[in-house]
Structures are given as C-alpha cells and as structure tokens.
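What follows is calculated from the coordinates using simple rules that are stated; it is not laboratory data. Keep in mind it's a predicted model, so treat the numbers as computed, not measured. Note that each Cβ is placed from the backbone with ideal geometry, even for glycine, and that neighbours are counted across all protein chains shown.
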C-alpha cells in the first residue's frame with residue numbers, strides 16, 4: 001500500500017501530544033525527563049524522555065481510542081553526545 005503525503009503525516013502523528021507514561025522518570029542536571037518529552041514533536045538532543053536504569057523499563061502512550069498499529073518507530077536516546085542503550 002502506498003500512502004499519500006497527507007496520509008503519512010496522519011500516520012506519523014497519532015501519538016503526537018497524547019498522554020504518555022513511563023516506568024520511572026530520570027532527572028538529569030535538574031531536568032525531569034518526563035514521558036511527554038518523547039512525543040511532543042520536538043526532535044532535538046535535549047528533548048527526550050528517560051527512565052531510571054531498570055531491568056524492565058517501559059514507555060506507553062494513550063492514543064485515545066482503539067487503533068490498529070502497523071509500525072512503531074523508536075529511536076535511541078543520546079546523553080551529552082553519547083548513545084544510551086546502544
């Protein structure tokens with residue numbers, strides 16, 4: 001299936017700004033890296049969510065209604081230029 005540009009934007013933004021949750025919140029240099037930083041639409045090296053170092057950490061987003069999800073894209077975090085959990 002080939003999607004139009006408008007359909008791709010719709011698909012990519014289903015989690016944008018929705019309520020997000022994670023197993024814990026890591027604080028770095030006085031800043032709480034809360035779950036909403038992961039889906040606020042800002043893609044910089046300083047806007048990311050991070051949990052504490054845990055064996056089974058998780059992040060979730062409430063999409064607001066049932067939705068068939070065909071693909072999820074996650075990116076690894078960067079902390080001061082160093083990859084986190086490569």
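Quick notes on this structure:
- Taking 0.36 nm per residue of separation and subtracting the Cα-Cα distance, full extension of the segment from residue 40 to residue 16 would add 8.1 nm.
- Stretching the chain fully between residue 28 and residue 73 yields a gain of 13.8 nm (0.36 nm per residue, less the alpha carbon separation).
- Protection-proxy order for peptides 18-31, 59-72, each taking the mean of Cβ atoms within 10 Å per residue, highest first: 18-31, 59-72
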